Amino acid sequence: MHRRTIVRPWLGQRIRIVGAVALGSTIAWLTVDAPAHAQQQPRDTPVAVACEMPRRIAPENAASPDAATSSSAGTPTTITAVVGTPSPTSTDAVEVEAVARSLAACLSDGNNPLVARLATGSYLGQIFGGGPSLAEDEFLALVEDLPAIRTEIRSISDIQVQTDTASADVVSIVGHQLLHARWNFVRDASPRDDETPWRIDAEVPATVVPPSDAATIGVAMEEYEFGLDEDAAVGPNVVLAGRNGGNEDHEMLVLRLSDDITSADILRAAGPGLPESVEFIGQVTVPADDRADLVLVDLDPDVYTIICLLPDANGTPHLAQGMTVEFEVQ
């Protein structure tokens with residue numbers, strides 16, 4: 001499960017969590033009476049997405065994403081099913097996509113108040129680290145001092161809408177980590193003014209398919225060290241294939257450190273955030289005696305650091321016991 005842990009975003013598995021990015025798609029729209037598997041109608045003119053609350057749109061404007069929010073060039077969106085009684089219109093699918101893309105833009109911008117409005121308390125609890133539902137004010141207090149992490153949607157497909165629920169298949173990037181999940185949405189019974197009633201309610205992780213040209217580095221881990229089968233790989237896409245032979249859970253937290261920072265500075269950092277000159281790249285937790293892959297994309301040629309900040313039974317981070325290693329992307 002990929003889990004976005006707000007208190008320490010790199011201690012859970014997504015991510016999430018979460019500056020500005022260009023998001024987009026070529027849109028395929030449904031007509032009101034479309035069959036379950038609709039004919040795709042690509043849109044040729046891309047426009048930019050902003051962090052904003054999508055508007056409720058009239059059915060006659062359903063063919064234009066500008067009516068809700070905008071999107072830029074990217075992998076085509078597909079809307080393959082619209083079901084329910086009474087039947088939702090194509091505007092629902094348009095608004096669902098608009099909410100997803102606006103959420104990604106707001107996470108990238110660090111606009112937490114709007115993130116809270118675009119999501120339910122259940123989702124806010126999930127991105128806090130798989131915890132219970134959070135009220136808006138609780139969420140905002142918890143994330144006040146946390147840094148934003150670039151969040152980009154690569155594709156949205158198979159948008160399915162029922163009367164009060166919807167879902168979509170979403171491929172996204174957080175930092176440089178490729179993620180795949182089924183996003184679930186619910187309809188807010190009392191939306192403000194003319195805003196869309198759709199809110200993201202949960203994410204269900206799915207299998208991540210690495211780019212076909214991705215290089216692979218095997219990462220072995222135990223108490224308390226990493227071992228690499230290769231210390232360099234040809235980028236820009238790299239899969240870290242993790243194998244945990246230890247008796248404790250470990251993580252592969254990948255960071256890019258500036259020349260004046262060492263992994264020891266991570267331990268000395270005050271508060272929940274990383275030092276300013278440290279870039280979050282990606283993270284996955286590997287349970288004891290198990291395997292997990294971390295798929296990284298669009299990496300620049302550079303040296304990257306893998307650390308484990310999970311604590312031992314005494315609360316000491318594994319990094320403090322020497323659990324760190326570097327690899328190079330060429």
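Can you give the FRET efficiency to the nearest 0.05 for D158 and D213, using r as the Cβ-Cβ distance and R₀ = 30 Å?
It comes out at approximately 0.75.
Among 173-184, 281-292, 198-209, how do they line up by average Cβ neighbours within 10 Å per residue, starting with the highest?
My ranking of the peptides, most packed first, is 173-184, 281-292, 198-209.
If each of A269 and E136 carries a label point 7 Å out from its Cα toward its Cβ, how far apart are those two points in nm?
3.0 nm
Pop out the ³J(HN,Hα) list for the stretch 209-216 in order, Karplus 6.51 cos²θ - 1.76 cosθ + 1.60 with θ = phi - 60°, rounded to Hz; leave Gly and Pro as x.
Once rounded to whole Hz, the list reads 9, x, x, 5, 9, 5, 7, 10.
Provide the gained length on full extension for the span D145 to S258, in nm with one decimal, where the gain is 0.36 nm per separating residue minus the Cα-Cα distance.
Here the answer is 38.5 nm.
Return the distance in nm (one decimal) between the two label points of a simple spin-label model at V234 and T165, each offset 7 Å from Cα along Cα→Cβ.
Label-label distance for V234 and T165, simple model: 4.7 nm.
Measuring from centroid to centroid over Cα atoms, what is the spacing of the stretch 99-114 and the stretch 135-175 in Å?
8 Å
Every number here is computed from the coordinates shown, using simple stated rules; none is lab data. Bear in mind that the values here come from a model prediction, so they are computed numbers and not experimental data. Positions of Cβ are generated from backbone atoms using ideal geometry, with glycine treated the same way; all protein chains shown enter the neighbour counts.
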